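> This is the structure I have questions about; it appears just below.
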Amino acid sequence: MIAPIGGNIDALYWSIKEFPIDRLVAIATKDKLNQVEKIKKDFLKFRIDVDEVEIEGNLWEETFKTISNIASSKKENIIVNVAAADRNMMCAATSAAFVNGLKAIDVMDDKVMMFPILKFSYYKLLSDKKMSIIRSLSREIDCCSSLEELSKKVKMSLPLLVYHINGNMKSEGLKVMGLVETEEKRGRIKIRLTELGRLLEKGYVTSVADGK
């Protein structure tokens, strides 16, 4: 079980009554490590091993990286438990579970709730041309002030670029997939990667949902 820590740790204790485990990976920022120490002592009574991962720097990126690494290296069933997370960690960990095809649970009113597992892979939906757009946007922070500028960088015609960004009835574009966002400024369309787009480009979104 992977559990981001930062909120009500009693909810974490409650959840393992329904989901017995033999190992917990507790991820937390430095200011929440005292809670992890308490969990270690309490779980020792139940003979549950607890590993600690300290999150430093960008919370979303490091949370995605941690969960993605565990998902890629472990073959046994993995559950992401967000019951003891604060708001930011809960959002990051839940999103990481979704895009990596992992089970995720929470506790509401002393009842364990399981989130649906998303059975898809971003990589299967991304053509080489879509990936070239993502890579180009990731290389330059200020890219791109207009679609015309991006069109030149990726050596793609403007109509084809717009198609890959917006999609159509048969094919989802990068905007619908939540990987890029656009903003109109002075009659020009500025485009940039979303947080999820940056994480995907760095490889923190795995294909575990497809059994790879």
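Where a number appears in this text, it was derived from the coordinates with a stated rule and is not lab data. Computed from a prediction, not measured in an experiment: that's the story for all the values here. Positions of Cβ are backbone-derived with ideal geometry, glycine not excepted, and every protein chain shown enters the neighbour counts.
> Considering only region 134-169, state which residues are surrounded by 14 or more Cβ atoms within 10 Å (Cβ to Cβ) and small (Gly, Ala, Ser).
136, 138, 145, 146, 151, 167 - these are the residues of region 134-169 that are surrounded by 14 or more Cβ atoms within 10 Å (Cβ to Cβ) and small (Gly, Ala, Ser).
> In addition: Give me the residue from region 31-52 that is in contact with a Gly (Cβ under 9 Å, 6 or more places away or on another chain) and either of a type in the set (Gly, Ala, Ser) or surrounded by 11 or more Cβ atoms within 10 Å (Cβ to Cβ) (or both) and, out of that set, nearest to residue 63 (Cα to Cα). Even if it seems obvious, please write down each step before you answer.
First, pick out the residues of region 31-52 that are in contact with a Gly (Cβ under 9 Å, 6 or more places away or on another chain): 31-32, 35.
Now narrow it down to the ones that are either of a type in the set (Gly, Ala, Ser) or surrounded by 11 or more Cβ atoms within 10 Å (Cβ to Cβ) (or both): 32, 35.
Values: 32: 14, 35: 18 Å.
The qualifying residue nearest to residue 63 (Cα to Cα) is 32.
> Looking at region 1-102, what helices (runs of 4 or more DSSP H) fall wholly within it and have at least 1 residues that are within 22 Å of residue 203 (Cα to Cα)?
Details: elements: 9-15, 33-44, 59-73, 87-99.
Ranges flagged: 59-73, 87-99.
> Can you find a residue that is assigned to a helix (DSSP H, G or I), of a type in the set (A, V, I, L, M, F, W, C) and over 24 Å from the mean Cα position of the chain (by Cα) anywhere in region 133-151?
First, the residues of region 133-151 that are assigned to a helix (DSSP H, G or I): 133-139, 147-151.
After this cut, where a residue has to be of a type in the set (A, V, I, L, M, F, W, C) as well, the list is 133-134, 137, 147, 150.
Checking which are over 24 Å from the mean Cα position of the chain (by Cα) leaves us with 147, 150.
Yes, region 133-151 contains at least one residue that is assigned to a helix (DSSP H, G or I), of a type in the set (A, V, I, L, M, F, W, C) and over 24 Å from the mean Cα position of the chain (by Cα).
> What number of residues within region 152-179 are free of Cβ contacts under 8 Å to residues at least 40 places away in the same chain, in contact with a Phe, Trp or Tyr (Cβ under 9 Å, 6 or more places away or on another chain) and either under 18 Å from residue 199 (Cα atoms) or in a helix (DSSP H, G or I) (or both)? I'd like the intermediate steps shown before the answer.
Within region 152-179, the first condition is being free of Cβ contacts under 8 Å to residues at least 40 places away in the same chain, and the residues that meet it are 152-171, 173, 175-176, 178.
Among the residues that remain, those that are also in contact with a Phe, Trp or Tyr (Cβ under 9 Å, 6 or more places away or on another chain) are: 171, 173.
Applying the additional criterion that residues be either under 18 Å from residue 199 (Cα atoms) or in a helix (DSSP H, G or I) (or both) yields 173.
Count: 1.
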